Amino acid sequence: MQALSFWKLITMDESQLLERLIMLMTEHNIRYCVIGGQGVNAYVTPLVSLDLDLVIAVDQLAAAESMLGQAFTVRHFPHSINISLPNSELRVQIQTDERYFDFVERASMQEVLGLSLPVAHVADLLQGKIWAFQDAERRASKRQKDLTDIARLLEEYPDLVSQVPVEIRQRLVL
């Protein structure tokens, strides 16, 4: 089974949310990149996730938000915009924390779920996972997944270990 077919099966994405989202972003020339777990999956052996985390170029965020609001159910949170559709368990989260905006400029095309998509640079993904892990307001289970993603990246890219704060490195089994 191909990666996209598998992912669509587990996300029960009968509404074609993923394809519709990518098509709209492409049609409107919205610059974005994949971050989070799916971004990590582009560089290391993938793990299953129902999430797709993105960051949009800051100068296009307002236009993208308007366009997405016409096509999807949109919910606003302090540091994200979540989009969804009925008949899909796919969870798309657009990061609005300003620390992530520069990631778009350093992104490159990578394979994600069998699709060629812009993905944040591996060092940026690691930084994002560090920020997520350090966020004390995140659920413990999410922070544990962030720690796992940090370990996965460092196993494949050991030269990035110096980017990881000592207090996080001490919690890793490498």
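The values are calculated or read from the model by the stated rules, or taken from the named source; none is laboratory data. Just so you know, these numbers come straight off a predicted model, no measurement behind them. Note that each Cβ is placed from the backbone with ideal geometry, even for glycine, and that neighbours are counted across all protein chains shown.
The table for this structure:
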{"read-out": "Filtered residues of the stretch 116-139 (kept if aliphatic (A, V, I, L, M) and modelled with pLDDT of 95 or more)", "value": "117, 119, 120, 122, 123, 125, 126, 130, 132"}
{"read-out": "Qualifying residues in the stretch 67-81 (those that are part of a strand (DSSP E or B) and surrounded by 15 or more Cβ atoms within 10 Å (Cβ to Cβ)) - the one farthest from the chain's Cα centre (by Cα)", "value": "74"}
{"read-out": "Test set (1) exposed (fewer than 15 other Cβ atoms within 10 Å of the Cβ); (2) in contact with a helix residue (DSSP H, G or I) (Cβ under 8 Å, 6 or more places away or on another chain) - residue 84 fails condition number", "value": "(1)"}
{"read-out": "Residue satisfying condition, being of a type in the set (Val, Ile, Thr), at pLDDT below 95 and out of contact with any Gly (no Cβ under 9 Å at 6 or more places or on another chain), within set 48, 112, 44", "value": "48"}
{"read-out": "Among the residues listed as 161, 112, the single one being out of contact with any Asp or Glu (no Cβ under 9 Å at 6 or more places or on another chain) and within 21 Å of residue 32 (Cβ to Cβ)", "value": "112"}
{"read-out": "Flag if residue 52 is in contact (Cβ under 8 Å) with a residue 60 or more places away in the chain, touching a helix residue (DSSP H, G or I) at 6+ places or on another chain (Cβ under 8 Å) and hydrophobic (A, V, I, L, M, F, W, C)", "value": "no"}
